[in-house]
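Colleague: Okay, handing you the structure first.
The values are calculated or read from the model by the stated rules, or taken from the named source; none is laboratory data. All values reported here derive from a predicted model rather than from experimental measurement. Quick note on the areas: whole protein, heavy atoms, side chains included, nothing else; ligands and nucleic acids left out. Shrake-Rupley method; radii C 1.70, N 1.55, O 1.52, S 1.80 Å.
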Amino acid sequence: MRLQNVTDQWNHEMATMRGARTRRRWAEAEPTLAGWGIAALRDPRWSEATDLMQRALVHISQAGDDVALRTLMVQLRPGLSRIISREARRRLAVGGTDDVDAEVLSVFAEVALRRDLERRPAKVAANLLADTHQRFWRDSQRRDNELSALARLRRPAAGPGNDGGLDDVATRVDAVASLQEALSAVPAPQRQLTATLAVRAWMGDEARDALAADLGLSAGTVRSRLCRLRARLDPADVALTPT
């Protein structure tokens with residue numbers, strides 16, 4: 001979902017009879033929205049009246065109205081575009097993709113739907129944009145930390161006397177110092193998730209039955225070995241649980 005697509009869809013919908021009915025329904029639910037036409041609804045310029053209108057749209061969005069949520073996106077398009085552009089450049093700088101529209105809009109929707117209108121009733125647009133950018137940046141940093149930690153873990157290479165299978169993985173997990181070092185870069189609440197992902201990275205993406213067939217083991221043996229590995233990654237003395 002791109003911001004331009006959201007805008008195009010909104011413009012088309014608001015110009016139809018369905019859009020007119022939607023605006024009448026909004027006006028009945030929120031008198032603040034009475035008399036607001038299409039041009040006024042998508043005007044990004046701030047005023048006290050606009051602030052009240054945006055608060056009403058957030059309230060209607062929280063009641064489950066997707067059109068009201070998209071109206072907020074359209075009205076705050078300049079601010080959202082700046083966030084998308086800035087974060088796209090940051091992603092490209094670290095070798096990622098610049099396709100961040102959907103992620104930013106998803107975070108914006110979550111922020112709007114969870115916003116406490118009683119606690120912060122004024123400057124709705126500024127607060128929504130600031131919270132969206134902060135939340136997106138925080139989520140990106142957490143994901144980057146997890147990926148960085150996982151990148152430092154390597155699946156055992158097959159060789160003489162080493163088939164790269166579960167027994168070798170268990171041997172590697174016995175030496176927990178390197179794993180602790182990798183996980184130390186991950187915030188405590190995400191360490192257990194990262195540890196689980198580390199096991200999967202070592203094992204590969206094969207389904208359990210396929211992995212069992214490749215190793216010449218029964219599915220039950222693979223299950224028990226996997227449980228042992230997870231147990232090795234979760235003892236309190238290795239500090240892999242959230243603190």
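Colleague: Tell me, what % of the accessible area of segment 10-142 is carbon and sulfur with a 1.4 angstrom probe?
Modeller: Carbon and sulfur atoms account for 52 percent of the accessible area of segment 10-142.
Colleague: Same structure again: Could you please put I38, I60 in sequence from largest to smallest accessible area, using a 1.4 Å probe?
Modeller: My answer, sorted largest first, is I38, I60.
Colleague: Now for a different question. Suppose accessible area is computed on protein heavy atoms with a 1.4 Å probe; arrange H12, H59, H133 from highest to lowest.
Modeller: H12, H59, H133
Colleague: Rank these by accessible area, largest first, 1.4 Å probe: T71, T221.
Modeller: The ordering from most to least exposed comes out as T221, T71.
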